[in-house]
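A short worksheet on the structure shown next.
Values in this text are rule-based calculations from the coordinates and carry no lab data. Everything numeric here is computed off the predicted structure, so don't read it as measured data. Note that we place each Cβ from the backbone using ideal geometry, even for glycine, and neighbour counts take in every protein chain shown.
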Amino acid sequence: TENNELMLEFQKSGVYKIPNSQTFFVDPVRILNRNYTQFRVCSSSYYSRFFTSSFTIDEQNEKIEEKFRVSASSGKRKRTQRRKQCYSLNEKELLADQRHQEIRPLLVKAHEEFLEAKKLLNVICELNCEIEGWECCAELNGGIKEEEVSFIELGKVWQAPLYDIALDFTQANKHVRKNGGSPCTQHDDQELLPLFNNLVSNDTSYDMVSEFQTIRYILPKDSCFYMSELEQIHNLVPADSECGFNFIMIDPPWENRSAYQKSKYPTLPNKHFLSLPIKQLIHTSGALVALWVTNREKLRKFVENELFPAWGVRYAATLYWLKVKANGTLICDLDLFHHRPYECLLIGYIDRHVTDYELPSIVKSLKDQVVMTIPGDYSRKPPVGDLLLEYVPGPRPARCIELFAREMMAGWTSWGNEPLHFQDMRYFSRK
Ligand code: SAM
């Protein structure tokens, strides 16, 4: 029965916690769908990398691994790779390997626990059958358009300040009328707002449809976005720290050798992140800061020695995101040196009220969390914010902001140069 309860909880929340352990399996699609009232995220568009109709899962994975081999073996890298195979690891690689060896037993144990949850594994395989096919989402947007809008490019053109987004309040107004709401809560049916360098909010309790250049975007209830380049982020600094954020999630565009990544979004040299106004963004009662990092040793050292100290963040724990295929196996060998099947989320505090005395107990319960998911496409990070909410200091509901966001969440402010990216109607279908 315990197992049934866990499964029911998973069906409802998208989170399966292995009993007596810090291991979770998470279905990002179910978690994201908790944000919406009339729409739902199409699992086929989220999981397009691991479930496709034209390939079997194994064929698909072979393709991915093949792509990886090709990119790893091009030009200069080919030579370095060969050299690395012949010679021993350099100093940084040795340190990275040491880190890996230290957490390896934890990851192996988590994966074993997951493989023992047989009912869960059956449901994961069935995620495949739930897939609705691309047409259903695309239909709503008048068929799949070849190109998505590139907000990154549009934000740079001289006309950028002239672009408006149209918010459609019809749905919200319908609810106001149905519930006999007072006229002051009623909006005109459409509102035009500047798209860039402007805080655009859906402060209703319903999904809001918005439109820009004939493409529709869904804004979840109680969410807002600010779309700008890094130079304008200071516009989000609150005048009063009582209105600051107590949960800050950051997934920076770290410089990366992968050409695939480069084609998806621009990256920034590390020194730019030192000047992010983290201290100014936080709430009077402090904040929990969660930062996605890559497995490169140089980056880890930069975060530990420069970035966290510059932001005033005290490191508390690391959450490991372990990536599995639909059949439960890891997406690649755990010990592949340049391509690990896991990524790390470093968690720290900017303390106002979390004292030295309190921190160890928080660290203890946060420690060694492993979150498993089937990865989404486009190096999308899983929505793990909810798992961390209980560790956030200060007011409830938590005041949450995601920096360098590509999507929106209920109760969150999303900032970046393309926070509407995954809000495109093509990723949704109607409930
Ligand atoms: N967490 C996101 C997800 O799961 O989909 C991925 C974020 S991605 C690592 C980094 C984001 O930062 C990209 O959307 C990129 O376009 C954006 N970015 C890069 N340079 C930027 C800049 N100068 N100002 C604002 N955003 C920038």
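Descending by average beta-carbon neighbour count within 10 Å, the peptides 399-408, 242-251, 307-316 line up as 399-408, 242-251, 307-316, the highest first. Toward the positive end of the charge dipole of the stretch 319-402, with +1 on the Cβ of Lys and Arg and -1 on the Cβ of Asp and Glu, the farthest Cα among VAL363, TYR391, PHE337 is that of TYR391. Here r is the Cβ-Cβ distance between LYS156 and LEU94 and R0 is 51 Å; the resulting FRET efficiency, rounded to 0.05, is 0.75. Ranking PHE302, PRO269, PRO382 by Cα position along the charge dipole of the stretch 269-405, where only Lys, Arg, Asp and Glu carry charges on their C-beta atoms, puts PRO269 farthest toward the positive end. Stretching GLU191 away from GLU304 to a fully extended chain increases their span by 36.2 nm, per 0.36 nm per residue minus the current alpha-carbon distance.
Look at the Cα gyration tensor of the stretch 388-431: its axes a ≥ b ≥ c give a/c of at least 1.5 with a/b at or below b/c, and that counts as oblate. Between GLN38 and ASP207, the built amide H atoms are under 5 Å apart, and every one of these is 5 or more places off in sequence or on another chain. Rounded to the nearest Hz, the phi-derived 3J(HN,Hα) couplings of the stretch 228-234 under the Karplus curve 6.51 cos²θ - 1.76 cosθ + 1.60 (θ = phi - 60°) are 7, 7, 3, 4, 9, 4, 4, where x marks glycine and proline.
The packing ranking, built from the mean of other Cβ atoms within 10 Å per residue, places the peptides 379-392, 328-341, 148-161, 24-37 in the order 24-37, 379-392, 328-341, 148-161, highest first. Karplus-derived 3J(HN,Hα) values for the stretch 360-372, using 6.51 cos²θ - 1.76 cosθ + 1.60 with θ = phi - 60°, are x, 6, 5, 4, 4, 7, 7, 5, 6, 6, 10, 10, 9 Hz; glycine and proline are entered as x.
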